[in-house]
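Below is one structure; the comments refer to it alone.
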Amino acid sequence: MKRITILAGGVGGARFVRGARTLAQATGAEITVVANTGDDLWLTGLRVCPDLDSIMYSLGGANDTERGWGRAGESERVSAELTAYGVGWPWFTLGDLDLGTHIARTALLREGLTLTEVTQRLCLRWNPGVRLLPATNDEVETHVEIVDGSGRTQLIHFEEWWVRHRGNVPTRRFVHRGLESSSAAPEAVEAILSADVVLLAPSNPVVSVGTIIALPGVAAALRTTAAPVIAVSPIIGGSPVRGMADICLGVIGVDVSAAAVGQHYGARTQGGLLDGWLVDPVDAGELPLLERAGIPARSLPLWMNTDEDSAAIVAGALQLAGEVRGP
Ligand code: GDP
Ligand code: CA
């Protein structure tokens with residue numbers, strides 16, 4: 001299993017990828033990460049890519065481990081100036097160091113580089129130890145259809161729904177704006193097709209992994225790759241662990257359980273995406289249900305508190321990949 005391709009969201013994705021990197025340092029595997037770009041947005045004239053940056057900062061050792069997102073040692077002087085001008089979102093503060101990244105990215109995009117090329121340039125500085133790719137070079141943004149106080153439907157950007165409203169507003173559906181005229185980045189598709197194993201991180205199954213899979217070309221690549229596709233449950237004991245995956249799953253009508261999310265992805269042998277599914281031991285009671293749904297599943301501890309925890313999960317996923325691929 002030399003070439004490992006991982007589909008990932010931001011903070012949860014970064015925890016998982018750090019474990020994969022730890023493992024790869026011992027085995028010499030090469031890791032490619034295909035990151036969600038549905039959370040991306042234009043804000044105060046700058047292109048902001050939250051999930052790409054969460055992974056880049058975390059793997060570059062520059063992330064704020066206490067706050068859980070953004071850069072360590074951050075200040076917010078520029079954001080205070082923008083707020084004084086009434087520009088931007090006061091509830092979506094961008095740190096000064098972080099703004100440096102967004103200015104650099106926007107400058108490179110305006111020079112005509114693709115987001116894939118820009119990400120590669122930004123990563124030169126951080127030596128993440130993995131190849132980091134955006135899922136698409138196109139602007140496909142997740143928006144959310146909500147019902148406002150006066151009963152009118154409104155479409156707001158995902159980050160407004162998530163950060164400002166904490167998902168706590170009547171919600172109809174998620175919309176991928178720009179999806180029809182988009183395609184997955186060729187490099188991302190190639191990374192899925194040429195991998196020895198594909199892993200879906202225990203990232204948000206709706207607005208992280210779900211958004212990547214919705215991009216034209218991704219699901220087809222997952223269905224046709226010769227590599228086993230193994231995923232890790234982001235739900236442990238009916239809880240989303242960290243974040244609000246429970247609210248997102250509710251919006252698309254999927255139960256908040258490891259088995260329901262596994263069945264939502266589906267078995268590759270039955271038109272779905274998965275060759276294997278890992279659940280936490282507290283969910284081991286759901287294994288027979290998963291087997292009946294045609295999804296080979298195993299249980300092992302899925303809490304990612306340290307890089308070693310995550311590395312053990314990745315090792316378990318690779319083992320399952322070997323088992324489902326057969327001799
Ligand atoms: P975001 O883009 O920053 O929101 O992060 P991701 O989408 O990559 O990951 C968020 C999801 O990771 C959460 O919704 C949780 O369900 C899941 N998660 C977070 N911590 C853990 C953990 O320790 N173990 C597992 N199995 N899942 C986790
Ligand atoms: Ca995200």
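The values are calculated or read from the model by the stated rules, or taken from the named source; none is laboratory data. Note that the structure is a prediction, hence the values are computed from the model and not measured. Every residue, glycine as well, gets a Cβ built from its backbone with ideal geometry; the counts of neighbours run over all protein chains shown. The area values use the complete protein model at the heavy-atom level, side chains included, leaving out ligands, DNA and RNA. Shrake-Rupley method; radii C 1.70, N 1.55, O 1.52, S 1.80 Å.
Computed from label points 7 Å out along Cα-Cβ, the spacing between VAL282 and GLN154 is 3.6 nm. What net charge do the residues around ILE235 carry, taking every other residue with its C-beta under 12 Å from that of ILE235, with Lys and Arg at +1 and Asp and Glu at -1? Cβ neighbours under 12 Å give a net charge of -4. Ranking of VAL163, VAL261 by solvent-accessible surface, largest first: VAL163, VAL261 (1.4 Å probe, protein heavy atoms only, all chains present). Here the spin labels are modelled as points 7 Å beyond Cα on the Cα-Cβ line, and at ASP255 and ARG3 they lie 3.9 nm apart. Packing here is the average count of other Cβ atoms within 10 Å per residue, and on that basis the peptides 229-235, 140-146, highest first, run 229-235, 140-146.
Given R₀ = 51 Å, what would the calculated FRET efficiency be for THR224 paired with ALA84, taking r from the Cβ atoms and rounding to 0.05?
On the way: r = 53 Å, r/R0 = 1.04.
E(calc), rounded to 0.05, equals 0.45.
With respect to the chain, whose longest principal axis is taken over its alpha-carbon atoms, helix 11-27 is tilted by about 50°. Spacing of the modelled spin labels on VAL163 and SER239, each 7 Å from Cα toward Cβ, amounts to 2.7 nm. The figure for ARG172 is an accessible area of roughly 130 square angstrom, using a 1.4 Å probe on the protein chains alone.
Quantify, in whole percent, the carbon and sulfur part of the accessible surface of the chain (1.4 Å probe; protein heavy atoms only).
Details: 7060 of 13850 Å².
Reported share for carbon and sulfur atoms: 51 percent.
When each of the peptides 83-92, 70-79 is scored by how many other beta carbons lie within 10 Å of its residues on average, the order from highest to lowest is 70-79, 83-92.
Counting only DSSP beta bridges whose two residues both lie in the chain, roughly 40 percent are antiparallel. Averaged per residue, the chain has 42 square angstrom of accessible surface, using a 1.4 angstrom probe with ligands and nucleic acids left out. What angle, in degrees between 0 and 90 and rounded to the nearest 10, separates the Cα long axis of helix 115-126 from the longest principal axis of the Cα atoms of the chain? That works out to roughly 90 degrees. So what is the relative contact order for the chain, in percent, with contacts set as C-alpha pairs under 8 Å and at least six apart? The normalised contact order for the chain reaches 19 percent.
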